[in-house]
Amino acid sequence: MTDSDLTPIRVRGKRYKKSPLSTDKNATQKGRTRSSDKNLPHRRSGRPIKRKCREKIPSRGDKRVKVESTKVCHLEALPVELIEKIFLDSLELNLARASPRFGAILSRKRVYKILTFLAFFKDSKPEDNSASEYISNILRPLEYVPLDINAQKSLQNDVLSCRWFNLPLLKECQRDMFYSTLQKFVFGPQPCGIGMVLDPPGGDILNDHLNEDPVHWKMSLQGTDGCNKSRSLYIYSKRVVVTCDIFGTLQFFPMVVWTIPDKFFAGQPWTEEKFRLLHYLLVFTPYGLSPDALEYLQPSPPSFDISRDRIQDCIHYAIMEGNIWILSELLSWDEVAHPFRGRDPSGYGIRGEHFVTAVKRSEDPGLLQVLLRAHAESIPYDDPDITAWALRQKNYEFGQWLLSYMIEVPARRRDRHPLFSGGWARRHARSSRHDFPDDPGCHIWWADFEKYVKDRLPADEMGWKC
């Protein structure tokens, strides 16, 4: 018997090296496998995993998921046109979020335009349906039914919370709102309309003008009404005006904003685009519209729902961004809205912290002067940051004036003797070219303030005068 036929005796704990002359093919193959896998993590011995079989044969769970993903509910199986109709009739925006299929069907610009139109169109006489066919043609496939204020506020709240809503879309829908108002109240038959017919080529001029940016709308057209009386039609960014020597003036407001939800203000950062959208919305609030319109044409300010704290927060953001245009517009709107909140107009003021933010934000006195023009008596007269800022001012005259004025603030508040007889709303009413300081002491810095504002405010923006 040879040595190779003997069974080796292995001692526990002692290692043995394999003979390099071993002719066992299985052992050789096994050794190669182990040497090639020596860098791999150790796996416990046991039944080998049938990896290839697992890769080729999907599990029952995989089959179940695949079958369920292709399953469509009865509502999703409806034709696209019918799903759109159900969505627009219900005005339930959460339906678009109910499933990916609904989201794909309802995420179309045509649907967005219909929702935006219904949310912001001001139908001054909803009980009259003389223009319903014309408006329904704009809203196809939806049949036009006017919304009451509560329903419109709810829809505005939903639309303004959507990511797809933006300023270009609102302006595009604004044209349809103005066309609808013209058709119902100007060109439409009596008694709701006045049956006005434009002198040629007034129709072409009107269409060309309304195709421009609404910010630049300012035109007048001549024509005759149903009684063959001469009429003048004026179209501005916010309103439609019809005048007649006999019947006087009629004003119509085709678009109105009732609410701006907190979710709209929550998104950060505040970009130039978002500031412009906010400004545009505020222009069409009841506070921004003309107070001399007929009662049934004028939206009711108490119906408007927006937190003043949100506007004050935006004023803070505008200061931090150094955006003088939106800062002045927000200050103007806040001042106009104050008496509609049932408060004493003489008790108006702004947050004192805005002045502190301004001196921390910029050494340029212009930013602080913008706030002084809004309501100077709101300045914290004993704040150390403002005092230190005034002492280190390069503009020595203004710094000394500010220190002197801060001493006067308590007496001015007590005696109701303000530095200005109105804020930015009064400045807009006067127009910037005719604004002036009510207190002679302001003359030492007024010229610098006017230059600062002129260099930073756009000349062609739609403000509160439209």
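Any read-out appearing in this document is the output of simple, stated calculations on the displayed coordinates, not a laboratory observation. Everything quoted here is computed from the prediction, not taken from an experiment. As a convention, Cβ positions derive from the backbone with ideal geometry for all residues, glycine included, and neighbour counts pool all protein chains shown.
Things worth noting here:
- In a fully extended conformation the segment linking A411 and R110 would gain 102.4 nm over its present Cα-Cα distance, using 0.36 nm per residue.
- Which listed pairs, of K113/K184; K238/K263; K153/K274; K125/K184, have C-alpha distances above 18 Å, in listed order: K113/K184; K238/K263; K153/K274
- Amide hydrogen proximity for T259: with H placed 1.01 Å from N in the peptide plane, the residues at 5 or more positions away or on another chain lying under 5 Å are D305.
- Computed E for S404/E273 - FRET, C-beta separation, R0 45 angstrom, nearest 0.05: 0.60
- For D309 and E81, a Förster radius of 41 Å and the Cβ-Cβ distance give a FRET efficiency of 0.40, rounded to the nearest 0.05.
- The string of couplings for segment 268-277 from the Karplus curve (6.51, -1.76, 1.60, θ = phi - 60°) is 10, x, 8, 7, 4, 4, 6, 4, 5, 5 Hz, one whole number per residue in order, with x for Gly and Pro.
- Amide H contacts for Q393 (H built 1.01 Å from N in the peptide plane; partners 5 or more residues away or on another chain; cut-off under 5 Å): none found.
- Relative protection proxy for 234-244, 89-99, from highest mean packing down: 234-244, 89-99 (other beta-carbon atoms within 10 angstrom).
- Using θ = phi - 60° in the Karplus curve 6.51 cos²θ - 1.76 cosθ + 1.60, the 3J(HN,Hα) couplings for segment 328-335 round to 5, 5, 5, 5, 5, 4, 4, 5 Hz; x is entered for Gly and Pro.
- Amide H to amide H distances under 5 Å link M219 with I235, where only residues 5 or more positions off or on other chains count and H is placed in the peptide plane.
- In sequence order, segment 437-450 has phi-based couplings of x, 6, 9, x, x, 6, 4, 5, 10, 5, 5, 5, 5, 4 Hz under the Karplus curve 6.51 cos²θ - 1.76 cosθ + 1.60, θ = phi - 60°, and Gly or Pro positions carry x.
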